[in-house]
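The values are calculated or read from the model by the stated rules, or taken from the named source; none is laboratory data. Note that this is a predicted model, so its numbers are computed, not measured. Here Cβ is always computed from backbone atoms with ideal geometry, including for glycine, and neighbour counts include all displayed protein chains.
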Amino acid sequence: MASLLHPVSIGNLRLGSNLFLAPMAGYTDKVFRSICLSKGAALAYTEMVSSEGVARDNDKTTVLMERGELEKDLAVQLFMPDADTAQRSLEGVMKYSPALIDINCGCPVPKVVKTGAGSALLKNPSTIHEIVDTIVRNTDVPVTVKIRTGWDTDSLNYLQTAEAAFSAGASALCMHARTRSQLYMPTAHWELLKDLKNHFPDKVIIGSGDLFCARDGVRMLTETGVDAISFARGAIGNPFIFEQTKALLCGEEERVVSVSEKVDAIMAHLTGLVEFLGENTACREMRKHVCAYLKGIPNSARVRQAVTAAITVDEYKKALSLLQEK
């Protein structure tokens, strides 16, 4: 299976492998991206960045594009309703020297959709073409596009949106194998990823959806033929998923992550957030991550309870000391 693990070229960007971290609002800040890169991700996308916010030089928006400690290749994901908004944001985006720009045409969240951005663009492939064309013509970095299979099951137009993106110069396309209406349930339709790749055999296709463990990653690559995969929720609390997937793809045993390794990862994550956000904010922000890191660990309920009240690094250390491997 080693051939399933391979370098990927997206435009002029050469990546060491085909295992990526997906953009996730509220999670893929520069600290978490760096942790995932250290554990084997070849590329890590930023959280969704508002093109309108960048155009207005909003500090809360532009901070999302700050480069992480281990981030040689910065992949910025933008969302916008039209090409004009994309155009107005480019000067601000390029100040951060991204290696790649991704266009979000898949976010199903109502507050994004109602602006005409995210999944709303699935209804207007011509607008996707205009956005991609604008960015391609005005920058020298590869442009990728994130889509869903369609707005709902009655409008599965992923082949049309893919054609719109590629004909405008997109270097790769990532598809979450659900419609906007399906949100994150039920099971993702991987067979549509296979169909997409079959229709665009010479294009870089990235698969996403229901990649919760290393074996899921191997299955998606095997069953669909996509060129790369993008882990989302499966990486939250488990940045080890990248090295675990690499091991399986190379014919090795899947490595079991020890409790002490998870504790070390939690503290490295928290330390990075403290440097980024300050202790109080970092400790509050870290709570959602810790609960994910502790998932599946026996007798961790009291640790999670202690963490939900922790507002200092010392309180985190005290809470985590309750974990003892047996």
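Candidates Gly26, Gly118, Gly68: the one that is within 27 Å of Ser181 (Cα to Cα) and crowded, with 18+ Cβ neighbours inside 10 Å is Gly118.
Could you tell me whether Cys283 is touching a Lys or Arg at 6+ places or on another chain (Cβ under 9 Å) and assigned to a helix (DSSP H, G or I)? Judged against the criteria, Cys283 is not a match.
For first residues located in region 243-268 and without any contact (Cβ under 8 Å) to a residue 12 or more places away in the chain, partners that are basic (Lys, Arg) and lie 6+ apart or on another chain with Cβ distances below 9 Å form the pairs Glu252/Lys246.
Scanning region 14-55 for residues that are within 15 Å of Arg67 (Cβ to Cβ), of a type in the set (A, V, I, L, M) and part of a strand (DSSP E or B) gives Leu21, Leu43, Ala44, Val49. When restricted to residues that are under 13 Å from Asn104 (Cα atoms) and outside any helix (DSSP H, G or I), region 118-137 contains 0.
Residues are listed down the side, and each one gets a yes or a no for (1) surrounded by 22 or more Cβ atoms within 10 Å (Cβ to Cβ); (2) hydrophobic (A, V, I, L, M, F, W, C); (3) not in a loop (DSSP other than H, G, I, E, B):
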site	(1), (2), (3)
Leu221	yes, yes, yes
Val226	yes, yes, no
Ser230	yes, no, yes
Pro239	yes, no, no
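State yes or no: is Ser171 under 26 Å from Ala41 (Cβ atoms) and small (Gly, Ala, Ser)? Taking the combined requirement at face value, the residue satisfies it.
Just to verify a result, which residue in region 242-276, among those that are under 19 Å from the mean Cα position of the chain (by Cα) and closer than 26 Å to Asp195 by Cα, is surrounded by the most Cβ atoms within 10 Å (Cβ to Cβ)? Among residues in region 242-276 that are under 19 Å from the mean Cα position of the chain (by Cα) and closer than 26 Å to Asp195 by Cα, the one surrounded by the most Cβ atoms within 10 Å (Cβ to Cβ) is Thr245. For Leu5, are the conditions met, namely being farther than 24 Å from Gly106 by Cβ and either crowded, with 18+ Cβ neighbours inside 10 Å or in the same structural domain as Met267 (by TED's automatic domain parsing) (or both)? Taking the combined requirement at face value, the residue satisfies it. The set of residues from region 277-297 being more than 15 Å from Ala235 (Cβ to Cβ), in contact (Cβ under 8 Å) with a residue 24 or more places away in the chain and either exposed (fewer than 14 other Cβ atoms within 10 Å of the Cβ) or of a type in the set (Phe, Trp, Tyr) (or both) comprises just one member, Asn280.
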